[in-house]
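The structure under discussion appears below in the form of structure tokens.
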Amino acid sequence: MEQTEVLIIGCGIAGATAALQLARDPARKILVITREPDPSESNSNYAQGGIVGRGADDNPELLEMDILAAGAGASSPAAARILAREGPALLQKILIDSAGIDFDSRPGGEPEYGREAAHSRRRILHVGDGTGHAIVAGLIAAMRRCPNITILTNTTAVDLITYPHHSRDPLATYQPVMCHGAYAFDRKARTIHRYISHATILATGGLGRIYRNTSNPPGARGDGLAMAHRSGARIVNAEYVQFHPTTLAVPGAEGFLISEAVRGEGAVLLTPQGRTFMEEYSPQWKDLAPRDVVARAIHHQMETFGYSHVLLELATQLDAETIRSRFPNIYARCQQVGIDITREPIPVVPAAHYFCGGILVDEWGRSTIKNLYAIGEISCTGVHGANRLASTSLLEGLVWGDRAARHIVKTLRKTTREILPGREEIPPWDESGLLADADSALIQGDMQTIQNIMWHYVGLARNAERMSRAIRELRHMWNEIETFYRTTKLSDGLIGLRNAVEVALIITQAALHNRQSRGSHYREDSVVEEGDRWI
Ligand SMILES: Cc1cc2nc3c(=O)[nH]c(=O)nc-3n(C[C@H](O)[C@H](O)[C@H](O)COP(=O)(O)OP(=O)(O)OC[C@H]3O[C@@H](n4cnc5c(N)ncnc54)[C@H](O)[C@@H]3O)c2cc1C
């Protein structure tokens with residue numbers, strides 16, 4: 001059993017920011033755990049487009065208005081205001097001044113602000129089309145320079161330690177639910193440890209991997225959401241899952257994002273037979289229709305005609321040299337899997353991209369459980385409402401990472417005499433009697449079944465019949481997987497599978513319950529006003 005002042009689960013932009021801000025007091029000990037062997041592996045690492053800054057003719061009010069418009073009436077104005085006011089200054093302080101990230105600039109040295117869909121100003125800072133990679137590299141390097149931050153890799157959090165649930169004292173029942181750390185699985189030694197902390201921060205990122213098609217890397221399976229849910233934390237807006245219209249649909253490179261800028265430069269969507277179709281869905285905007293309209297149109301074509309993908313044709317729109325210089329990474333990645341985008345179309349599918357809902361937190365990242373904070377994509381601060389404005393998620397991780405750290409510093413100062421539970425008070429993980437190793441075929445098969453259910457029944461176009469079927473099938477799977485979990489030795493895959501089915505149920509129940517189409521939640525059986533129709 002290990003004790004620490006602050007336990008941070010996850011080291012993407014949110015977890016890393018919180019760790020760095022907490023580590024400013026050299027006497028404070030911070031433990032950061034990640035299930036990955038490489039601490040930089042996270043959703044943050046794959047962010048392409050950039051992070052919101054403050055453009056030349058920009059101000060916080062304009063950014064706030066853009067966030068609220070994108071959120072389709074479901075964003076919290078107070079949260080959007082915090083992001084818009086504090087974000088750009090923190091970006092300068094933490095990412096540029098402390099972590100040394102060198103965002104692209106113009107020859108005169110001023111920042112090169114990019115523009116993205118639904119932003120009223122040019123305000124996106126970027127490092128080529130690998131912004132996330134540059135940010136994560138800078139943050140991890142900065143963490144490694146702090147002797148009071150310990151990063152444990154290959155360590156998968158299994159469950160939160162909460163009182164009264166894990167208390168041996170029957171009188172704890174009458175106390176409010178309180179978090180004291182987490183049980184975590186050492187993937188190399190295959191042992192389970194207790195990490196006891198004054199404050200625990202969940203920064204475990206998104207959950208795109210519970211869908212068959214996703215832009216998210218394998219670790220994005222909603223572990224933090226499932227852990228918080230099992231502990232009784234309040235989860236909100238879980239029906240709002242944002243889909244990206246175009247990711248590569250080639251074996252071995254699935255999920256690689258094909259930026260919307262490709263359509264911006266004139267690429268057109270085609271059926272596998274070479275027929276255009278966007279004019280049927282958006283006569284006015286065609287291929288340049290908003291992200292959710294394009295994603296649903298592609299999905300509709302695939303479902304109706306049984307296509308496994310559609311095509312994105314750029315070669316006939318731009319000359320080869322321009323394609324190579326404008327989209328170097330996309331060109332290189334496609335080339336690796338045998339597609340020359342200067343000569344042939346790109347097979348694409350829409351994909352689950354970003355989770356707008358999450359663990360409900362306040363302006364300091366506090367969840368509804370005492371001493372438990374949630375930050376980044378797994379939390380719901382209210383900023384994103386029903387649909388996220390592009391490039392605001394990295395900034396949200398930064399702002400709430402900083403805010404959670406500030407709140408913890410203040411709280412720890414007041415409660416330094418509060419004693420952590422001792423070894424005898426928190427039961428060790430009990431694996432006695434479990435002899436069988438988890439069958440990887442079952443884990444993989446069950447995971448694929450969940451991904452297919454979510455893709456077909458709780459994906460881009462939802463209705464009550466599909467979602468009711470999903471709930472019946474997911475409940476059955478939940479029972480099977482829970483039995484599997486309780487009778488088998490623990491593994492990272494089994495932990496993820498158990499979380500994935502739980503998260504799938506949370507999303508489906510929220511989506512079935514919410515009968516109104518809004519933002520990223522589209523119901524075919526919603527009662528909609530004429531102006532809200534998607535076609
Ligand atoms: C392809 C792609 C492009 C994107 N482009 C942009 C963009 O241009 N701009 C923008 O603002 N946003 C973008 N996003 C979204 C953005 O990257 C994420 O929302 C953001 O990075 C999430 O940060 P995070 O710190 O919350 O989580 P992550 O960066 O995902 O970090 C999660 C951490 O938790 C760890 N973890 C998970 N489960 C466990 C467990 N059980 N135990 C221990 N550790 C665990 C992981 O290993 C990881 O360290 C993009 C996302 C993707 C996938």
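The values are calculated or read from the model by the stated rules, or taken from the named source; none is laboratory data. Computed from a prediction, not measured in an experiment: that's the story for all the values here. Note that each Cβ is placed from the backbone with ideal geometry, even for glycine, and that neighbours are counted across all protein chains shown. Heads up: the accessible areas ignore ligands, DNA and RNA and are worked out on the full protein's heavy atoms, side chains in. Shrake-Rupley method; radii C 1.70, N 1.55, O 1.52, S 1.80 Å.
Remarks
- Taking 15 Å as the straight-line reach from the Cα of K286, the aspartates and glutamates in range (excluding those fewer than 8 positions away in the same chain) are E260, E265, E313.
- Over the chain, the pair-distance histogram of Cα-Cα distances with 20 Å bins from zero comes to 22, 57, 20, 1 percent, rounded to whole numbers.
- Of K188/K370; K414/K489; K29/K93; K29/K489, those spanning more than 30 Å from alpha-carbon to alpha-carbon: K188/K370; K414/K489; K29/K489
- Those residues of the stretch 490-505 whose amide nitrogen sits under 19 Å from the label point placed on N452, 7 Å along Cα→Cβ: 497-498, 500-502, 504-505
- Protein accessible area in the chain, 1.4 Å probe - carbon and sulfur %: 51 percent
- Computed over the stretch 161-234, Cα set: Rg, Dmax in Å: 15.0, 47
- Once all protein chains are placed together, T483 keeps about 80 Å² accessible to a 1.4 angstrom probe.
- Computed FRET value (nearest 0.05) for R515 with W285, which takes r as the C-beta separation and R₀ as 30 Å: 0.60
- The mean of 1/r over all pairs of different alpha-carbon atoms in the stretch 47-183, once inverted, gives a Kirkwood hydrodynamic radius of 18.3 Å.
- From its DSSP helices (H runs of at least four residues, each -39,500 (n - 2.57)), the chain gives a residue-normalised ellipticity at 222 nm of -11000 deg cm²/dmol.
- Helical segments meeting 30 Å axial Cα length and Kyte-Doolittle 0.5 threshold in the chain (DSSP H): 492-513
- Percent RCO, i.e. relative contact order, over the chain, from Cα pairs under 8 Å lying at least 6 residues apart: 21 percent
- Cleavage-rule hits, GluC sites (Glu not before Pro), the stretch 230-285, DSSP coil, Cβ neighbours within 10 Å at most 16: E254, E265
- Solvent-accessible area per residue, Å², over the chain with all protein chains present [probe radius 1.4 Å]: 41 Å²
- Once each of the trypsin sites (Lys or Arg not before Pro) sitting in a DSSP loop with at most 14 other beta-carbon atoms within 10 Å is removed, the chain keeps 25-114 as its longest stretch.
- Under 10 Å, Cβ to Cβ, from N45 - net charge with Lys/Arg +1 and Asp/Glu -1: -3
- Projected onto their three principal axes, the Cα atoms of the stretch 405-535 cover extents of 62, 46, 18 Å, largest first.
- Between R413 and R230, the modelled label-to-label distance comes to 3.6 nm, taking each label 7 Å out from Cα in the direction of the beta carbon.
- Between the stretch 179-221 and the stretch 1-56, the Cα center-to-center distance that results, in Å: 13 Å
- Chain lengthening between K188 and E110 when straightened (0.36 nm per residue, less Cα-Cα): 23.4 nm
- At an R0 of 22 angstrom, the distance between the Cβ atoms of V527 and A464 translates into a FRET efficiency of 0.95.
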